[in-house]
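Input: a single structure, listed below in structure tokens.
Every number here is computed from the coordinates shown, using simple stated rules; none is lab data. This one's a predicted model, so the numbers in the text were calculated from it and none came from an experiment. Virtual Cβ from ideal backbone geometry, glycine too; neighbours counted across all protein chains shown.
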Amino acid sequence: MRAGAPAPGDSSGTYLDAAATAPLRPEARAAMLAVLDAGQANPSSVHAPGHRARTVLAGARLAVATAFGARPADVVFTSGGTEANNLAIIGLALANPRGRHLVTTPIEHPSVLESCRYLERVFGFSLDTLAVDGDGRVDPAELARVVRSDTALVSIGLANGEVGTVQPMPELASIARDHGALVHTDAVQAAAALPIDFGGAWPGAHVDAITVASHKFGGPQGAGALLVGRGTPLEPLLHGGGQERGARSGTENVAAIAGFAAAVRASSASHGTQGLALARSRDDLVARVRAEIAGARLTGHPDERLPGHASFVVPGVSGESLLVALDAAGFAVSSGSACAAGKDEPSPVLLAMGIAPDLARTALRFTLPAPLEPGAIDRIVAVLAAEHQAALGIGATKLP
Ligand SMILES: Cc1ncc(COP(=O)(O)O)c(C=O)c1O
């Protein structure tokens, strides 16, 4: 499939915002409909319909575990990435008797940063935030300098959602583990593009918990999982009926979980080939934007980045205006900046990478769900060039 495929809910557009939510995969839709059409029942119920729901849940658990090199007992289904990150950070840190020190980075998703800040505020943890370089990478030597004998948890995202930079996770994780700290990685962005082996080498060997989210794979929103070894101490956030081996009480969302599992299965089946084609298409887009839009600069690491991520800053023109112009031309993209209450705030991720606030406000992010159709890059570059020239006043009629 090529992007140029219809945007969700829009038969004419090209959807290039997969990092926000990937288009629903037909396999996921079919799996969800099958559960809903069979008639819903509670997977904890003893009767036959309950047994059927339990069987669906067990199949989904096995599929998710298999895709990520985990055991079914390692999978705790949640309502998505945000909940899984909260559970990992708060749950692991509170359950770890080693101490009250946390390490993270300034470029994490808010669900990671706010969970750390919650522990700081309410439970008196101290927090070290590692610097990142201009490409958004953490220096392992910096982690080695900061990690302590009382560090309860190190949480570092496997790949950043805004700029696509992938961290040297095996190295970071083994430094943390050498100091006896628990390690969590938010793989919400990475897991749809990179092979994850929880029980094995990458980045699993020294990682205690991994967060994944359904809607980044083309599954439904509102489902996700924390992969966490059964023997790893974890304080639950949600208390109740003891579902998900006591780690997450509450009746499971069986249809969404079935869709999640189907999407994960379909996604991991096409990892290698799709990843290469995606990276080639992404590289073509990056090359054309850099060649034809004066001053446009790729943000994030040039090589160690997710295959579908192309993120830029474009001096002289706001990211929001580029986004709006592209949207009008049928391309759904993201500015990569957090817009709070109508305010165009520069992205904290770009600021942490040393990009000045004014330049950070020009951020634009394309995240490809599939390689681009021939001609799409021409049209994107034409829209950007027109908007850029208009913003710089080139060719505009000057009033007397
Ligand atoms: C890196 C990262 N972590 C966590 C999340 C939160 O996941 P969810 O939207 O499923 O709550 C996101 C969502 O964009 C993300 O990009």
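Give me I156, I293, I210 ranked fewest to most by other Cβ atoms within 10 Å of their Cβ, as a rough exposure proxy.
I293, I156, I210
Can you show me the helix-derived [θ] at 222 nm for the chain, built from DSSP H runs with n ≥ 4 at -39,500 (n - 2.57) apiece and divided by the number of residues, rounded to the nearest 500.
Only helices count here, giving -12000 deg cm²/dmol.
Rg (Å, one decimal) plus Dmax (Å, integer) for the alpha carbons of the stretch 265-311?
Rg and Dmax of the stretch 265-311, Cα atoms, are 12.4, 42 Å.
Write down the percent of antiparallel bridges among all DSSP beta bridges whose residues are both part of the chain, to the nearest 5.
Once the DSSP bridges in the chain are tallied, antiparallel ones form about 55 percent.
Have a look at T14, T104, T273 and tell me which one the Gaussian network model of the chain (Cα, springs below 10 Å) gives the largest fluctuation.
With Cα springs under 10 Å in the chain, the top fluctuation among T14, T104, T273 is at T273.
Mind telling me which of D283, D37, D358 comes out most flexible in a GNM of the chain, alpha-carbon contacts under 10 Å?
D37
Which order do L127, L285 fall in if you start with the one that has the fewest other Cβ atoms within 10 Å?
L127, L285
How big is the Rg/Rh ratio for the chain, C-alpha atoms only, Rh by Kirkwood, two decimals?
Reported Rg/Rh (Cα atoms, Kirkwood Rh): 0.99.
Please list, in order along the stretch 382-392, the HN-Hα scalar couplings obtained from phi with the Karplus expression 6.51 cos²θ - 1.76 cosθ + 1.60 (θ = phi - 60°), rounded to whole Hz, x for Gly and Pro.
Values per residue, Gly and Pro as x: 5, 5, 4, 5, 5, 5, 5, 5, 5, 5, 8 Hz.
Can you tell me the length gained on complete extension of the stretch S126 to A95, counting 0.36 nm per residue apart and subtracting the Cα distance?
My answer for the length gained is 9.6 nm.
Of all DSSP beta bridges in the stretch 136-251, what percent run antiparallel (nearest 5)?
45 percent
Among S45, G330, T104, flag the residue with its Cα farthest along the positive direction of the charge dipole of the chain, charges on Cβ as +1 for Lys/Arg and -1 for Asp/Glu.
S45
Would you kindly derive the ³J(HN,Hα) couplings of the stretch 191-208 from the backbone phi angles with the Karplus curve 6.51 cos²θ - 1.76 cosθ + 1.60 (θ = phi - 60°), listing them in order in whole Hz, with x for Gly and Pro?
Using θ = phi - 60°, the values come out as 5, 7, 10, 10, x, 10, 10, 4, x, x, 8, 9, x, x, 2, 10, 9, 8 Hz.
Order these by the 10 Å Cβ neighbour count, fewest first: D74, D135, D303, D150.
Ranked by crowding around the Cβ, least crowded first: D303, D150, D135, D74.
Tell me which chymotrypsin sites (Phe, Trp or Tyr not before Pro) from the stretch 173-270 have a DSSP coil assignment and no more than 16 other beta carbons within 10 Å of their own.
none
Quick one: what are the phi-derived ³J(HN,Hα) couplings along the stretch 131-138, Karplus 6.51/-1.76/1.60 with θ = phi - 60°, whole Hz, x for glycine and proline?
In residue order, the calculated couplings are 5, 10, 7, x, 9, x, 9, 8 Hz.
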